[in-house]
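Bear in mind these aren't lab numbers, they're just calculated from the coordinates by the rules spelled out. Computed from a predicted model, the values in this text were never measured in an experiment. With ideal geometry, Cβ positions are generated from the backbone for all residues, glycine too; neighbour counts draw on all protein chains shown.
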Amino acid sequence: MSDDNFDGESEDKQEALLDVPLEVTAVLGTSYMKVSQLLKMGRGAVVQLDRSVGEDIEIRANGNLIARGEVVVVEDHLAVTMTKIIKTQIKS
């Protein structure tokens, strides 16, 4: 097999990966509580999160941390701007 053929196959495989769907999640923060506390909550209840105002949020793809970012407003929608890309090691 020539190197040219191998490179073409590799590019085809990479191209095929570009169409794989990912669930991207922006995590504003987390909170832990007992079920009894959760059941007592009603409309208007406030859940305090573990992050401070201005602190970067987590951006996850399929549950894996891929970046940190900030919440921004674009027209009338919330959005996230990435401030730091997290490099992860590929599991073999």
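Structural remarks
- Simple spin-label estimate for V47 and E11 in nanometres, 7 Å along Cα-Cβ: 4.8
- Unit charges at the beta carbon, dipole of segment 22-85: most positive-side option, V73, Q37, V53: Q37
- With respect to the chain, whose longest principal axis is taken over its alpha-carbon atoms, helix 3-17 is tilted by about 20°.
- When S10, S52 are arranged by Cβ crowding within 10 Å, least crowded first, meaning fewest neighbours, the order is S52, S10.
- Among [x] 1.64; [y] 1.21; [z] 3.11, the entry that matches Cα Rg over 2.2 N^0.38 Å as calculated here: [x]
- Sequence-distant contacts, meaning Cα pairs under 8 Å at least 6 residues apart, place the relative contact order of segment 22-85 at 31 percent.
- Exposed trypsin sites (Lys or Arg not before Pro) absent: longest stretch of the chain, with sites in DSSP loops and at most 11 other Cβ within 10 Å deemed exposed: 44-86
- Top of A67, A16, A79 by mean-square fluctuation, Gaussian network on the chain, Cα under 10 Å: A16
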